[in-house]
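The values are calculated or read from the model by the stated rules, or taken from the named source; none is laboratory data. On a predicted model such as this, the values are computed, not experimentally measured, just so you know. Every residue, glycine among them, receives a Cβ derived from its backbone with ideal geometry; neighbour counts consider all protein chains shown.
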């Protein structure tokens, strides 16, 4: 009987030991969270816009050489001689790269005329004038001190025979292409270089060329004058 009790006690102890949970293991050590560093982004630089190429108001003065042009119809032949031509104008800035110029052009020249052998060749003095309004478009060339520009002009041409009483007033147009250079960005003075084509439509003929000396008096046919010239000058910002 005593042996049976001892056996039961041993079995009870074994069962209790089997039911005892194993000792709890401490959780694995977690690494500390990484520190997040916030870096302020570099400030965005505002886009630099170029300054206005055209002042609000500027005075342009140029002088140069204009080439001669032959004019003829079925009744006459003439030649407008080349020579010095000058111009002056006021330019108004419309936008940063656009301008509008009102300008005057003057040439004092000589005209050679003959009526195809009917009368001797004659030469007389004449003045050719243009009053034009032209738009201009500028663009920078690598820097803000050198600009290219081009433009189209419309207006009127006025001519007079200085050896007589003949004159004319006709529709005129012009094409221009040029450069503008400044010593520095802040300079109010710029240097202009220009190639220009001017045309007085149906201006050669009638009283201005044939109203004196009996050369084709009463001729009613006309011919358009084309004048191509190269010139240089200065531009002064007034405002």
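Of note:
- Residue count for the stretch 49-67 satisfying the condition of being modelled with pLDDT of 80 or more and either buried (at least 17 other Cβ atoms within 10 Å of the Cβ) or closer than 19 Å to residue 179 by Cα (or both): 13.
- The single residue among 95, 75 that is out of contact with any strand residue (DSSP E or B) (no Cβ under 9 Å at 6 or more places or on another chain), modelled with pLDDT under 95 and surrounded by fewer than 20 Cβ atoms within 10 Å (Cβ to Cβ) turns out to be 95.
- Total residues in the stretch 156-167, condition in a strand (DSSP E or B) and modelled with pLDDT under 75: 1
- Which numbered condition residue 183 fails, given (1) at pLDDT 90 or above; (2) closer than 20 Å to residue 137 by Cα: (2)
- Among all positions in the stretch 118-125, there is no residue which is modelled with pLDDT of 95 or more and either in a strand (DSSP E or B) or under 17 Å from residue 153 (Cβ atoms) (or both).
- Breaking point among (1) within 15 Å of the chain's Cα centre (by Cα); (2) at pLDDT below 90, for residue 146: (2)
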